[in-house]
Each structure stands twice: as structure tokens, then as C-alpha cells.
1. Which order do D28, D62 take when ranked by solvent-accessible area (1.4 Å probe, heavy atoms of all protein chains), largest first?
2. Once you sort the root eigenvalues of the Cα gyration tensor of region 8-72 as a ≥ b ≥ c, which label holds: rounded (a/c under 1.5), prolate (a/b larger than b/c) or oblate (the other case)?
3. Between rounded, prolate and oblate, where does region 15-112 land on the alpha carbon gyration tensor, with a ≥ b ≥ c its root eigenvalues, rounded for a/c under 1.5, else prolate if a/b exceeds b/c?
Amino acid sequence: VRQLVVALENAIIAYVGELGVAASGSRDAPGVYVEGAKLASIGLRIRRGASYHGLALNVSLDLQPFERINVCGHRGLGVTRLADLCAVSDVRTAAEGLMPHLLRELGFGSVREGPVPVHNAINTDLQAVSSL
């Protein structure tokens, strides 16, 4: 399970690294962080040998509601979004940019130049919340 979490984190870290954003994972609190603020959350459920997983990469959502909660149960943990860190503020652009990294980290291929076709290996049901 930990390997899968790290693979998802590494895919996001590699993608945002291409955009000039230095990010890292955390063993204590799964997810991806930029200067101590959470950029992406990872959620996994393993049942009967199958994984149900998801990740939430904050692209351009309204961060104000996070000020009223303890993010991931951690008091004072800040949240950031891609739109504040680089030129990407569109969810579809972020999903397309992240896809080749997910494929590589999950063992489905390598990062290639140009658009990567989405096969049945990964289902990306885009659920966007945007305030821009």
C-alpha cells in the first residue's frame, strides 16, 4: 500500500517539477507539499486485493473553506494550489500534464513527448471545482 501511495505522490511531484514547482511527499501525512502547504491529497482503500484510489491535486479551487478545518486532521496545515504556484489554472490541462507521470509511476509506460492517449489503464473522471 505504501508503494502505491509513494507512486501517486511521485507522479504529482514529477509533474509539478516540470512546471518549476519544488514539491515533496511526507511519510507522516500522505500527500504532496510545497513549502509546508498541502498541494495534493492521496486517498486509498484496499478491499479484497483491489485498490480504490484517488488523488486530489488542488488546481484552482477556492482555498478559503480550508481555513475553517484541520486539513487531514493536522491543526494549522496550510493548503496551496497550482494556480498560485505556476501558470496552470485549468483542471483539464493539469490532468493531461499529470497523466504521463501517473502512467510511468504505475508501470504502464514512460513519459513521452506530446499528448498521451488515455487508455483503459487509468480512468480520469474529472471532478472540477474551480473559483477562477
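The values are calculated or read from the model by the stated rules, or taken from the named source; none is laboratory data. If you're wondering where the values come from, they're calculated on a predicted model, not measured in any experiment. These accessible areas exclude ligands, DNA and RNA; they are computed on the full protein's heavy atoms, side chains included. Shrake-Rupley method; radii C 1.70, N 1.55, O 1.52, S 1.80 Å.
1. Values: D28 140, D62 80 Å².
So, going from the largest accessible area down, we get D28, D62.
2. Details: a/c = 1.89, a/b = 1.24, b/c = 1.53.
Oblate, because a/c is 1.5 or more while a/b does not exceed b/c.
3. Because a/c hits 1.5 or more and a/b fails to exceed b/c, region 15-112 counts as oblate.
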